[in-house]
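Below: one structure, written as structure tokens.
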Amino acid sequence: MAELSGKYLVGVYDDDDTVLHAVPKLRKAGVKIKEVYSPFPIHGLDEALGHPRTRIGIAAFMFGVTGCCVALTLMIWTMGYDWPMIIGGKDPISIPNYIPITFELTVLFTAFGMVTTFFISNGLGPGTHFHPRFDVRSTDNKFVMAIDMSRNSMTEDEISRALKDSGAEEVNIKQF
Amino acid sequence: MHVTSPVREPLIQGGKTYADVTEDICRHVEATPTKEWKIAFGLSLIVLAYGSVCLAWTWWEGLGVWGLNKTVGWAWDITNFVWWVGIGHAGTLISAILLLFRQKWRTSINRAAEAMTIFAVICAASFILMHMGRPWMAYWALPLPNAFGSLWVNFNSPLVWDVFAISTYFSVSLVFWYIGLIPDLATIRDRATSKVSRFMYGTFAMGWDGSAKTWARYEYISLILAGLSTPLVLSVHTIVSMDFATSVIPGWHTTIFPPYFVAGAIFSGFAMVQNLMLITRVVYKLEDYITLEHIETMNKVITLTGSVVGVAYITEFFIAWYGGVEYEYYAFFNRMTGPYWWAYWAMMTCNVISPQLFWSRKLRRSITFTFFISVIVNIGMWFERFVIIVTSLHRDYIPSSWAMFSPTRYDIGDYIFSFGLFFTLFLLFSKYLPVVNMAEVKAVLRSTSAQMPAKIAGVAKVRQRGTAEPAYNKDQE
């Protein structure tokens, strides 16, 4: 995750519904919101913030296809070419018998590939940072909205008032 | 805006706020271990130590220390393996299948049930290693190139499928569980007062900050992981059953095995979840999170899967008679009336009759009775595997090869080892990790709470709800 710098306004909300309704209001008023941090997922919040839909599913599919190909290649090559053997009177390459392992490896590759992608795309990793940057209560019971001042043309007072109007119980300033 | 059906009782009781959830669940993680926990942990370690000695002797001396003979070549080892794998299935059912079905009640129990899955699969895997006799050769089951003897593993064999199925199941379950843990680890990290716990939880929380983008991706991958785990969990016990079903042993060679094994797995798994949860909720004072409603719902699942198992037993019998294959016929009727009749009837009583008692609402809402039946079900399911394995083997094709199996102290000791391992791991988990998924419980708190929605945030103020922006209704999933 990129290091943060500059000055941020931090709006603290005490309710998920309030913050969800605040986001479109503030955006309409011209406030550019960096991100909202919450202790649990709030449905519709990412769309309200204008985040593009995640493409992690495409990555997952690609990993799945890779797993499927690896499994089939491994089995067809070992059983059919490297050391062909007739087992149970069946063709050395008998695809129906390969279905279980193909399925398992597809799942394995998809799961691990997707989770790795998840970690990388979110900048998650051991020791990345040991606290939420804006407000420590955002993993407990508060919903925290961060506004990057360098990206907003409005003044601090205007944004602060807009945040309060939208239901924020506190507005703090965070300098990195 | 948030319509809650008045017919249903709230999932989380006691009028919890978000802060209460954090407080209630984190309390036991942050407190020093209680005396009860220390005693339980000490006992588990003693059991584990005894089991380890038996296991060490088994490996040192060889499998001859078990009661196996040339007729009954699989007995307690594979029985225990199938039993433990089966127990694991409930965790995945709760975390994956119920997620796909949007069953919100799973949120209170999924963390502990998934932990149970992982530990149960570890126990199951220990029996695979044990029954190999030479566990240092375990890597022979992997598809390694022929530096080890110019042959590849036989990919047509269900035993090799099993290697892939169990290892995939274990690792995917572990990942799924860990992903669910990250937000909660972050919560503990942010509350931590000591440097050590801050560092430990902080390291494993991976710098989680709960941004909207991260949560959106988190929910997305949870859904895909659930979608992957659902066929995966069904495939695992299917493949375990194929270890038997693809052989030509009368009593094993039946096509009903996969669905029958999967139903039995969920059946025994839910019983184990009940046992663990009934103790955990009292010890950690989680009665508001794991309510009678949860217990009753799980009992309904036990009755359903128990009935599926019962139907499978009867179908198996009918086909043994109707199919007209005399070996098959003999295998099944010998189970019922032969020398192992007691095992068969123990299985029938525990698995077919006992879950039917839950048709009574009073009984399925009784905690003591639920605990009792759950133990009975697990005993019954152990006997089911014993019946399938030993009674099918003990009458060989030639009567001169007929034999009986009697366990030695090492058969029993190795089984005890798995209990010691399981409870040690579970106790460590229940002390150092949150036993209830805080983030998920908070997410379902509003829509399922008995309290006025405004009170959930911990502030008794009147909020503007239902005023504007209907497009961002949080219940649109």
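The values are calculated or read from the model by the stated rules, or taken from the named source; none is laboratory data. Bear in mind that the values here come from a model prediction, so they are computed numbers and not experimental data. So basically every Cβ, Gly included, is an ideal-geometry build from the backbone, and we count neighbours across all protein chains shown.
Just a few scattered comments:
- Helices (runs of 4 or more DSSP H) contained entirely in region A:1-109, each with at least 1 residues that are within 30 Å of B:Ser241 (Cα to Cα) and out of contact with any Asp or Glu (no Cβ under 8 Å at 6 or more places or on another chain): A:56-76
- Boolean, A:Glu35 is closer than 30 Å to A:Leu163 by Cα, among the acidic types (Asp, Glu) and at the interface with another protein chain (Cβ under 7 Å from one of its Cβ atoms): yes
- Of all residues making up region B:167-193, the number that are within 26 Å of A:Thr110 (Cα to Cα) and facing chain A (nearest Cβ under 9 Å): 13
- Residue in region A:77-84 that is in contact (Cβ under 8 Å) with a residue 12 or more places away in the chain, under 23 Å from A:Ile56 (Cβ atoms) and facing another protein chain (nearest Cβ under 7 Å) present: no
- Some residue of region B:229-252 being crowded, with 19+ Cβ neighbours inside 10 Å, facing chain A (nearest Cβ under 7 Å), over 30 Å from B:Gly323 (Cβ atoms) and at pLDDT 90 or above: yes
- Scoring B:Tyr472 on the criteria (1) surrounded by fewer than 20 Cβ atoms within 10 Å (Cβ to Cβ); (2) modelled with pLDDT of 55 or more leaves a single failure, condition (2).
- Qualifying residue in region B:33-43 (condition: surrounded by 13 or more Cβ atoms within 10 Å (Cβ to Cβ) and either closer than 12 Å to B:Asp411 by Cα or of a type in the set (Gly, Ala, Ser) (or both)): yes
- Within region B:130-142, one or more residues are buried (at least 19 other Cβ atoms within 10 Å of the Cβ) and either acidic (Asp, Glu) or within 21 Å of B:Ile87 (Cβ to Cβ) (or both).
- The lone exception for B:Glu219 - which of (1) of a type in the set (Asp, Glu); (2) in contact with a helix residue (DSSP H, G or I) (Cβ under 6 Å, 6 or more places away or on another chain); (3) under 26 Å from B:Phe170 (Cα atoms) it fails: (2)
- Residue count for region B:63-98, restricted to those that are aliphatic (A, V, I, L, M) and surrounded by fewer than 24 Cβ atoms within 10 Å (Cβ to Cβ): 8.
- Among (1) over 26 Å from the mean Cα position of the chain (by Cα); (2) over 30 Å from A:Glu104 (Cα atoms) - the single one A:Cys69 does not satisfy: (2)
- Condition broken by A:Arg133, with the remaining ones in (1) within 7 Å of chain B (Cβ to nearest Cβ); (2) out of contact with any Ser or Thr (no Cβ under 9 Å at 6 or more places or on another chain); (3) within 21 Å of B:Leu181 (Cβ to Cβ) satisfied: (3)
- Residue in region B:210-220 that is surrounded by fewer than 19 Cβ atoms within 10 Å (Cβ to Cβ), in a helix (DSSP H, G or I) and more than 7 Å from every other protein chain (Cβ to nearest Cβ) present: no
- Residues located in region A:39-59, provided they are within 7 Å of chain B (Cβ to nearest Cβ) and more than 18 Å from B:Leu225 (Cα to Cα): A:Pro39, A:Phe40, A:Ile42, A:His43, A:Gly44, A:Leu45, A:Asp46, A:Ala48, A:Leu49, A:His51
- Flag if B:Val435 is among the aliphatic types (A, V, I, L, M), at pLDDT 85 or above and not in a loop (DSSP other than H, G, I, E, B): no
- Here the condition is being crowded, with 16+ Cβ neighbours inside 10 Å, more than 15 Å from B:Ser211 (Cβ to Cβ) and touching a helix residue (DSSP H, G or I) at 6+ places or on another chain (Cβ under 6 Å); of A:Ser166, A:Ser94, it holds for A:Ser166 alone.
- Residue count for region B:160-191, restricted to those that are over 30 Å from B:Trp84 (Cα atoms) and either under 22 Å from the mean Cα position of the chain (by Cα) or free of Cβ contacts under 8 Å to residues at least 24 places away in the same chain (or both): 2
- Test set (1) at pLDDT 90 or above; (2) crowded, with 21+ Cβ neighbours inside 10 Å; (3) within 29 Å of B:Asp184 (Cα to Cα); (4) of a type in the set (A, V, I, L, M, F, W, C) - A:Phe103 fails condition number: (3)
- Selection status of B:Val196, without any contact (Cβ under 8 Å) to a residue 24 or more places away in the chain, more than 11 Å from chain A (Cβ to nearest Cβ), over 16 Å from B:Ala96 (Cβ atoms) and assigned to a helix (DSSP H, G or I): yes
- Sole residue being under 20 Å from B:Phe422 (Cα atoms), more than 14 Å from every other protein chain (Cβ to nearest Cβ) and not aromatic (Phe, Trp, Tyr), chosen from B:Thr32, B:Thr58: B:Thr58
- 1 or more residues closer than 23 Å to B:Lys300 by Cβ and in contact (Cβ under 8 Å) with a residue 60 or more places away in the chain: qualifying helices (runs of 4 or more DSSP H) within region B:328-423: B:361-364, B:367-386
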